[in-house]
């Protein structure tokens, strides 16, 4: 989103699509026709967008010197390129964290989950992203917390199937992200990459993708048999994503891969439509 003001780009609004995981409990609980439930889920989504933006600003602030040495990030990251100053970034962080804190007055349970997400990402920024395996699981846990926040906003329990499926899918995306970083920059992009090899993260990705398909299929067959027709969309989506990674050298950013591939977008829309149809008919 190059046409946006630098301060807005620092918040990485393009990455907010990841927060759509918040809506998973709304969809699978079948209450998406209730406007109050939709409002609660949408509010949780907005709070998570603010929290994730605060996390991105903190991460860019902490990594500014390394980003300035990076051939791409030095030009695309507003802090590294000098479009946004450090004082401006600090003010933005205070505002974002402050708004999230004030949200606790309206949605205390949701903000409690968001607070866990923020603390986890502070730990990731300063320590966990340098620890092999822990870094991948930390990224994946952020997606699980998004789904959990969606469940909390609706006051419904988080399905065990949804938990393990989300974790497996997120581990797949995180492993692919590390794989592509290794492919493009070797172990120079970030310190933790010195502990990984292409072969190792490929095994992580394959195992996680297999688990995601298995657990999702078991969830559908055992709990939501009418949704069996959504399984092919999940299979095609994973196949297509891996095709994008291998043939188009994408995948370092799942969001960029999604926005760049029309077939992947159509697959997700088809899956959503199939879910709506299965849960309403």
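For this structure, a couple of remarks:
- Breaking point among (1) over 25 Å from residue 221 (Cα atoms); (2) assigned to a helix (DSSP H, G or I); (3) touching a helix residue (DSSP H, G or I) at 6+ places or on another chain (Cβ under 9 Å), for residue 161: (1)
- Residue count for the range 121-140 under the criterion of being more than 20 Å from residue 165 (Cβ to Cβ) and in a helix (DSSP H, G or I): the result is 11.
- Residue count, the range 60-85 (criterion: out of contact with any helix residue (DSSP H, G or I) (no Cβ under 7 Å at 6 or more places or on another chain) and under 18 Å from residue 9 (Cβ atoms)): 6
- Of all residues in the range 215-244 being out of contact with any helix residue (DSSP H, G or I) (no Cβ under 6 Å at 6 or more places or on another chain) and touching a residue at least 12 places away in the same chain (Cβ under 8 Å), the one that is farthest from residue 273 (Cα to Cα): 242
- Scan of the range 104-115 for residues that are farther than 18 Å from residue 25 by Cα and either touching a helix residue (DSSP H, G or I) at 6+ places or on another chain (Cβ under 6 Å) or in a loop (DSSP other than H, G, I, E, B) (or both), ordered by number: 104, 105, 106
- Any hit, the range 16-30, residues being more than 24 Å from residue 163 (Cα to Cα), in contact (Cβ under 8 Å) with a residue 60 or more places away in the chain and either assigned to a helix (DSSP H, G or I) or not assigned by TED's automatic domain parsing to the domain that holds residue 225 (or both): no
- Verdict on residue 101 being over 19 Å from the mean Cα position of the chain (by Cα), crowded, with 16+ Cβ neighbours inside 10 Å and part of a helix (DSSP H, G or I): no
- Tally of residues being at pLDDT 90 or above and not in a helix (DSSP H, G or I) across the range 181-223: 2
- Cβ pairs under 8 Å, 6+ apart, first in the range 191-212 and over 30 Å from residue 232 (Cβ atoms) and not assigned by TED's automatic domain parsing to the domain that holds residue 65, second at pLDDT 95 or above and outside any loop (DSSP other than H, G, I, E, B): 192/135
- If the condition is being closer than 21 Å to residue 176 by Cα and in contact (Cβ under 8 Å) with a residue 12 or more places away in the chain, then the range 121-137 contributes 121, 124, 125, 129, 130, 131, 132, 135, 136, 137.
The values are calculated or read from the model by the stated rules, or taken from the named source; none is laboratory data. None of these values were measured; they are calculated from a predicted model. As a convention, Cβ positions derive from the backbone with ideal geometry for all residues, glycine included, and neighbour counts pool all protein chains shown.
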